[in-house]
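Q: Below are the structure tokens for one structure; questions will follow.
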Amino acid sequence: MGQLRSTGMSPYSFLGLALFMALVAVTYAHLPIPAADLPTQCNSIERCCMPTPYKGKPAYNFEYKKFKKFNVRRPAHLLTKKEITRLEKAYTLMRALPDSDPRSLLNQMKLHCLYCDNALYYPGQQYPLEVHNGWFFLPWHRMFMYWHERILQKLLKDDTFTLPFWAWDNSMDVKPVPNEMPAPYARKGSSLYDEARNNCSFPPFLVDLDTAGGGCTTKTPDFIRIQNDRLQYTQLVVGATTPSLFFGLPYYFGDYGGKGSGTFEDQPHGTVHAWLGRQDAPILGPQYHPYDDMGNFGRAAFDPIFYPHHTNVDRIWCLWTHIPGGKRTHPTHPAFLNTQFTFYDENANLVKHNVSQALDTDLLGYKFESYPTPWMTNGVQAGRENSIPLCNPLSKKATESLISSTPKQRSTQVLLADPITFKVARPKKSKGTEVLEISGIHIPNKTAQAHWKVYLFYPNVSFLTGAACPEFAGTFNWIPHVGQVAYNPDRVWRMGVGPKLLQMGKDYVKSIVVTVVQTGFPLQALTFDSAKIIYDNSPEVEL
Ligand code: C2O
């Protein structure tokens with residue numbers, strides 16, 4: 001300002017220029033999110049605000065902590081008796097903290113809820129901050145786990161304590177079972193137990209990563225194992241070869257809700273939440289909503305299983321970066337790297353953590369114990385042949401005639417009980433990773449769930465077909481947020497289709513035949529503006 005004054009500008013033209021600049025900034029700038037003052041910037045109808053007045057020191061900038069040895073996060077189903085006792089003690093201590101302490105389990109729940117799109121308002125901004133449904137999903141939750149773990153270490157007076165991970169991604173038929181609820185979390189009376197979980201999420205039920213509304217299923221354990229491996233292969237390996245596909249769409253300061261999740265966020269991450277939630281939770285008390293705790297953003301982090309769920313999400317992020325093929329790195333846009341989120345440290349002081357300081361777990365001082373990931377090879381174990389037959393085997397001729405008889409996508413088409421099928425042309429010259437994009441998704445009732453699945457070259461699907469078919473090309477999940485007022489009306493769904501077509505033996509086609517089928521209840525009259533092939537060159541160019 002001093003500089004402007006010295007150019008001889010009048011205060012009025014300065015004001016005008018400032019207003020104009022602010023308008024330009026709001027309209028065009030892709031700005032990082034500045035660290036929020038959590039206790040004062042909150043306005044939540046879900047009672048998600050952190051305790052006030054703030055009693056800690058002024059917020060400080062995070063710096064990596066010096067350490068001598070890495071802490072190793074271990075699989076929750078393989079913990080020793082001693083490790084289980086220590087973990088239970090940690091949550092007993094955390095639950096015992098008073099409501100005025102931001103480190104209590106209730107306040108950790110609120111901290112997650114606070115960052116969930118209807119509570120954190122920056123001065124002068126119209127819309128609340130959102131860390132889901134976009135590219136901050138992975139780093140924000142990594143930071144949350146990091147600070148949560150440091151708090152537990154402090155409560156235990158033991159910095160060797162680590163959070164375990166719940167290996168729900170692993171479908172091996174072994175004992176103890178990796179993909180059922182880990183035993184310590186399932187024991188009634190334990191500090192790790194939570195009442196607000198659905199009955200069919202307790203052992204011996206296996207995690208159904210392809211569920212829409214959770215609850216019980218008639219699928220056999222063998223079916224679930226195959227389905228889980230294959231859907232993760234689609235969502236995390238062949239369908240997500242770029243940062244944009246894996247992390248989700250950009251979210252800039254001031255945006256109107258998250259515009260679109262990465263493949264990982266919707267499924268399997270989101271389906272684990274849906275699978276655990278208890279539909280009739282309101283019978284437990286007035287503070288509950290249907291599908292609490294894990295099935296709602298607002299209360300999810302009150303269930304201690306939230307944490308081994310999210311350390312596994314964190315682990316899969318690490319593993320994904322080493323899968324061959326594609327550009328498996330993080331977004332590099334300055335608005336991503338320079339965003340700062342505020343957390344409470346182990347002493348209940350506010351700390352500002354930069355996204356660029358959450359991208360390398362080595363610098364954060366932890367590693368994951370290695371554990372097999374059969375989904376990386378489509379569930380095929382070494383030494384066995386990888387031949388998964390298509391559910392709808394089509395000859396080259398039948399494929400061509402299917403393409404020519406399929407109409408083009410129209411924005412007036414309504415997806416209701418019957419699947420809709422349309423064709424999408426593949427541009428002649430490819431300029432990056434080939435992505436199927438469905439945009440302008442309209443969900444008429446945003447307070448209810450909406451789910452659909454996409455298949456390629458398989459028009460005769462039903463809502464029962466499922467992700468075990470190689471034609472499965474991704475899932476869209478809309479999980480409503482209780483009390484949420486602001487929604488982005490223009491959601492986008494994307495999936496990489498190049499490797500999928502190759503895998504299906506259909507790399508030669510000029511158009512793809514896409515079928516969308518709604519899988520959740522209640523059914524909604526869904527529409528979308530367009531479906532097309534686009535090219536992804538992230539991280540160099542943001543999509
Ligand atoms: Cu913030 Cu698994 O959700």
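The values are calculated or read from the model by the stated rules, or taken from the named source; none is laboratory data. These numbers come from a predicted model, not from an experiment. Positions of Cβ are generated from backbone atoms using ideal geometry, with glycine treated the same way; all protein chains shown enter the neighbour counts.
Q: List the number of the failed condition for Pro286; all other conditions in (1) more than 12 Å from the chain's Cα centre (by Cα); (2) modelled with pLDDT under 95; (3) within 13 Å of the ligand (Cβ to nearest atom) hold.
A: Unmet for Pro286, out of (1) more than 12 Å from the chain's Cα centre (by Cα); (2) modelled with pLDDT under 95; (3) within 13 Å of the ligand (Cβ to nearest atom): (3).
Q: Can you tell me which residue is surrounded by the fewest Cβ atoms within 10 Å (Cβ to Cβ) among those in the range 248-259 that are away from the ligand (no atom under 16 Å from the Cβ) and at negative phi?
A: Here the answer is Tyr256.
Q: Right, another one. Among (1) farther than 26 Å from Asp222 by Cα; (2) more than 19 Å from the chain's Cα centre (by Cα); (3) surrounded by 20 or more Cβ atoms within 10 Å (Cβ to Cβ), which single condition is Leu523 missing?
A: (3)
Q: Inside the range 104-212, counting only helices (runs of 4 or more DSSP H) that do not spill past its ends, which hold 1 or more residues that are in contact (Cβ under 8 Å) with a residue 60 or more places away in the chain, within 30 Å of Trp452 (Cβ to Cβ) and within 15 Å of the ligand (Cβ to nearest atom)?
A: 105-114, 137-156
Q: Another question, then. What number of residues in the range 269-280 are farther than 8 Å from Tyr291 by Cβ and within 11 Å of the ligand (Cβ to nearest atom)?
A: Residues flagged as farther than 8 Å from Tyr291 by Cβ and within 11 Å of the ligand (Cβ to nearest atom) within the range 269-280 amount to 6.
Q: Need the failing condition index for Thr361 against (1) out of contact with any Cys (no Cβ under 9 Å at 6 or more places or on another chain); (2) buried (at least 18 other Cβ atoms within 10 Å of the Cβ); (3) among the polar types (S, T, N, Q), just the number.
A: Every listed condition holds for Thr361 apart from (1).
Q: Kindly provide the set of residues from the range 80-102 that are closer than 30 Å to Gly257 by Cα and surrounded by 23 or more Cβ atoms within 10 Å (Cβ to Cβ), ordered by number.
A: Pro102
Q: Follow-up question, since we're still on this one. Can you name the residue in the range 364-387 that is touching a Pro at 6+ places or on another chain (Cβ under 7 Å) and surrounded by fewer than 18 Cβ atoms within 10 Å (Cβ to Cβ) and, of all such residues, is modelled with the highest pLDDT?
A: The qualifying residue modelled with the highest pLDDT is Glu369.
Q: Would you please list the contacts, defined by Cβ atoms under 6 Å and residues six or more apart or on different chains, that run from a residue in the range 432-451 that is in the same structural domain as Thr519 (by TED's automatic domain parsing) and in contact (Cβ under 8 Å) with a residue 12 or more places away in the chain to a residue that is surrounded by fewer than 17 Cβ atoms within 10 Å (Cβ to Cβ) and of a type in the set (A, V, I, L, M)?
A: Val435/Ile534; Glu437/Ile534; Pro444/Ala525
Q: Here's a follow-up. Criterion first (surrounded by fewer than 22 Cβ atoms within 10 Å (Cβ to Cβ) and at pLDDT 95 or above) does Gly262 satisfy it?
A: Considered against the rule, which asks whether it is surrounded by fewer than 22 Cβ atoms within 10 Å (Cβ to Cβ) and at pLDDT 95 or above, Gly262 comes out as no.
Q: Moving to a separate point now. Spot the failing condition for Leu231; the list is (1) in a helix (DSSP H, G or I); (2) over 16 Å from Val272 (Cβ atoms), and only one is missed.
A: Against the list (1) in a helix (DSSP H, G or I); (2) over 16 Å from Val272 (Cβ atoms), Leu231 comes up short only on (2).
Q: Quick one: is Tyr288 hydroxyl-bearing (Ser, Thr, Tyr), assigned to a loop (DSSP other than H, G, I, E, B) and not assigned by TED's automatic domain parsing to the domain that holds Phe476?
A: yes
Q: Where residues in the range 439-473 are of a type in the set (A, V, I, L, M) and surrounded by fewer than 20 Cβ atoms within 10 Å (Cβ to Cβ), which of them is nearest to Val514 (Cα to Cα)?
A: Only one residue fits best here, namely Leu464.
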